[in-house]
Amino acid sequence: MTALLDRLKPSSPESAARRRFAIWVLGALLILLPPWWIWGADLAAAALRPLAGLVMSVFGLTGAIDVMADGSWTVGTRLTSAGQPVTTTVAEETLRRLLLGVPLVAAFLIAPPRPAQPLRAALISLTVMSLLFALNVTGFVWGELSPQLAMDAAAASAAGVLKLDQPPLNPVASQLALMTRYMALSITPLLSAAVLWAVLNPAAFHALAGDIREP
């Protein structure tokens, strides 16, 4: 038992600092994540809907967003089918997933060693994460539309999907749209939180990660 406890002890002050940081991050996430997923993400999505609509209008969508009774978004596009406007849906759970980076970056900033200017770091984080959410939901929408855009009328009819009036999308562009959707859902929200923390708290990043690279 004593030998096991000795193994669990940090081998150096740097190792102790990394362990303390990891425990703080884990503890903060356990506290922040449930209320954020249940209430906070929905409130944030509602607040960021105008920004998301603005970014969507810049990237080829209409910018019109209607909120459904179940919390999902119906997003307007500039596409048509038989002359009628085409819309697409972003589920409430998807909106929550796109906002998972917010509690993660909060946990990073709460954990010691903390930024020298915590208020400034928090404001920058909110600004960056808000813009990233708008970009990610826009990328997700185009990724959802890309399979339809990649089909010609005959292929769409055979697949039983909506036939669009617009010509098929270039296959490379279609794959890029699908990749953007995947990154928006699985990579960007979490990776951006880590990168943002490293930029806002470089001293802590070098203190914690610098020693890992040493032999």
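The values are calculated or read from the model by the stated rules, or taken from the named source; none is laboratory data. Fair warning: this is a prediction, and the values are worked out from it, not measured in the lab. Neighbour counts run over all protein chains shown; Cβ positions are idealised from the backbone, glycine included. Protein only, heavy atoms only, side chains kept; ligands, DNA and RNA dropped before computing areas. Shrake-Rupley method; radii C 1.70, N 1.55, O 1.52, S 1.80 Å.
Overview of results
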{"read-out": "Hits in the range 169-190 (condition: among the hydroxyl-bearing types (Ser, Thr, Tyr), under 22 Å from Ala52 (Cβ atoms) and either more than 8 Å from the chain's Cα centre (by Cα) or open to solvent by 60 Å² or more (accessible area, probe 1.4 Å) (or both))", "value": "Thr180, Tyr182"}
{"read-out": "Helices (runs of 4 or more DSSP H) contained entirely in the range 162-211, each with at least 2 residues that are touching a Leu at 6+ places or on another chain (Cβ under 9 Å)", "value": "171-186, 188-200"}
{"read-out": "Where a residue in the range 127-143 is of a type outside the set (Gly, Ala, Ser) and its partner, wherever it lies, is open to solvent by less than 10 Å² (accessible area, probe 1.4 Å) and assigned to a helix (DSSP H, G or I), with Cβ under 6 Å and at least six apart", "value": "Met129/Gly101; Phe133/Leu98; Asn136/Leu98; Asn136/Ala184; Val137/Ala52; Val137/Leu98; Thr138/Met56; Phe140/Ala184"}
{"read-out": "For Gln166: the one exception among (1) in contact with a helix residue (DSSP H, G or I) (Cβ under 9 Å, 6 or more places away or on another chain); (2) open to solvent by 30 Å² or more (accessible area, probe 1.4 Å); (3) at pLDDT 90 or above", "value": "(3)"}
{"read-out": "Identity of the residue in the range 107-133, open to solvent by 10 Å² or more (accessible area, probe 1.4 Å) and polar (S, T, N, Q), that ends up nearest to Asn201 (Cα to Cα)", "value": "Gln117"}
{"read-out": "Members of the range 41-62 that are outside any helix (DSSP H, G or I) and either at pLDDT below 95 or crowded, with 16+ Cβ neighbours inside 10 Å (or both)", "value": "Gly60, Leu61"}
{"read-out": "Qualifying residue in the range 124-139 (condition: at pLDDT 85 or above, under 30 Å from Ile23 (Cα atoms), over 22 Å from the mean Cα position of the chain (by Cα) and not polar (S, T, N, Q))", "value": "no"}
{"read-out": "Filtered residue count, the range 16-48, keeping only those that are of a type outside the set (A, V, I, L, M, F, W, C) and more than 16 Å from Leu104 (Cα to Cα)", "value": "4"}
{"read-out": "Among the residues listed as Ile31, Ile38, Ile65, the single one being among the β-branched types (Val, Ile, Thr), exposed (fewer than 12 other Cβ atoms within 10 Å of the Cβ) and free of Cβ contacts under 8 Å to residues at least 24 places away in the same chain", "value": "Ile38"}
{"read-out": "Search result, residues across the range 66-106 that are under 30 Å from Leu200 (Cβ atoms) and of a type in the set (A, V, I, L, M)", "value": "Val90, Leu95, Leu98, Leu99, Leu100, Val102, Leu104, Val105, Ala106"}
{"read-out": "Entirely in the range 63-154, the helices (runs of 4 or more DSSP H) that have 2 or more residues that are touching a strand residue (DSSP E or B) at 6+ places or on another chain (Cβ under 7 Å)", "value": "118-149"}
{"read-out": "Single residue of Ala3, Ala22, Ala17 found to be assigned to a helix (DSSP H, G or I), surrounded by 13 or more Cβ atoms within 10 Å (Cβ to Cβ), aliphatic (A, V, I, L, M) and modelled with pLDDT under 95", "value": "Ala17"}
